Amino acid sequence: MMDMGVYPLNASRYITGQEPVSVTAQQFRTRPEVFEEVDEITTFQLDFPGGAVASLMTNFVANTSYIRATAEKGWFGLDPFQSYSGIQGESSQGPIDFPQINQQAAQMDEVAVCIRENKPMRVPGEEGLLDMIVVDGIRESWAKGGEKVVLVR
């Protein structure tokens, strides 16, 4: 969860424009001898105040990276969703074109410009804190056998 799991979590927050109010989570290990200290497979479901529900997964088993969002007036998806390059998108209205750039280099360049020019970051540290509130809820749900946990901010 602490590695790649924050990406789908963060994406669901951006897509809905809301903070989740509760979480239910499950953890699985197919190779407990390898994954003694970290989670191998985590699935989690987020409930948002507007009624949206996100069903998310992160794992070290399958090389999958896609996201699909369905709304009242259509849908969109990215496949791959999180990648160093080659992001592909489509929607109910057709393909979504993205410039083919090195995303990590662009992010590092932007951070350097913000520091040099004393500008606010596009994604401030407070975003990480909001993610960690959910991650703590996920861990609490694991500890309670997958019970729904209400998130408190």
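Throughout, read-outs are computed from the coordinates displayed, never taken from laboratory work. Predicted model, so just to flag it, every value in this text is computed and none were measured. FYI the Cβ positions are ideal-geometry reconstructions off the backbone, even for glycines, and counts take in every protein chain you see.
With a Förster radius of 41 Å, plug the Cβ-Cβ distance of residue 65 and residue 143 into 1/(1 + (r/R0)^6) and report the FRET value to the nearest 0.05.
That gives a FRET efficiency of 0.90.
Which loop trypsin sites (Lys or Arg not before Pro) in region 1-80, with loop taken from DSSP, have no more than 13 other Cβ atoms within 10 angstrom of their Cβ?
73
Which loop-located GluC sites (Glu not before Pro) does region 1-105 contain, where loop means any DSSP state but H, G, I, E or B and the Cβ has at most 15 other Cβ atoms within 10 Å?
33, 36, 37, 72
In nm², what is the average projected area of the convex hull enclosing the Cα atoms of the chain?
Seen from a random direction, the Cα hull of the chain projects 10.9 nm² on average.
Return the calculated 222 nm mean residue ellipticity for the chain, to the nearest 500 deg cm²/dmol, obtained by summing -39500 (n - 2.57) across DSSP H runs with n ≥ 4 and dividing by the residue count.
The helix-only estimate for the chain comes to -9500 deg cm²/dmol at 222 nm.
Choose one of 26, 7, 54: the residue whose Cα lies farthest towards the positive end of the charge dipole of region 1-71 (beta-carbon charges +1 Lys, Arg; -1 Asp, Glu; about the Cα centre).
54
Please give the contour-minus-distance gain from residue 97 to residue 152: 0.36 nm per residue of separation, less the Cα-Cα distance, rounded to one decimal in nm.
Full-extension gain reported as 16.0 nm.
Let's see if you can work this out: charge +1 on each Lys and Arg Cβ, -1 on each Asp and Glu Cβ, no other charges. What is the dipole magnitude of region 6-150 about its Cα centre, in debye to the nearest 20?
Here the size comes out at about 220 debye.
For the pair residue 122 and residue 38, what calculated FRET efficiency results from E = 1/(1 + (r/R0)^6), where r is the Cβ-Cβ distance and R0 = 22 Å, to the nearest 0.05?
That gives a FRET efficiency of 0.15.
What nm value, rounded to one decimal, do you get for the distance between residue 107 and residue 72 when each label is placed 7 Å out toward the C-beta?
Result for the modelled spin labels: 3.3 nm.
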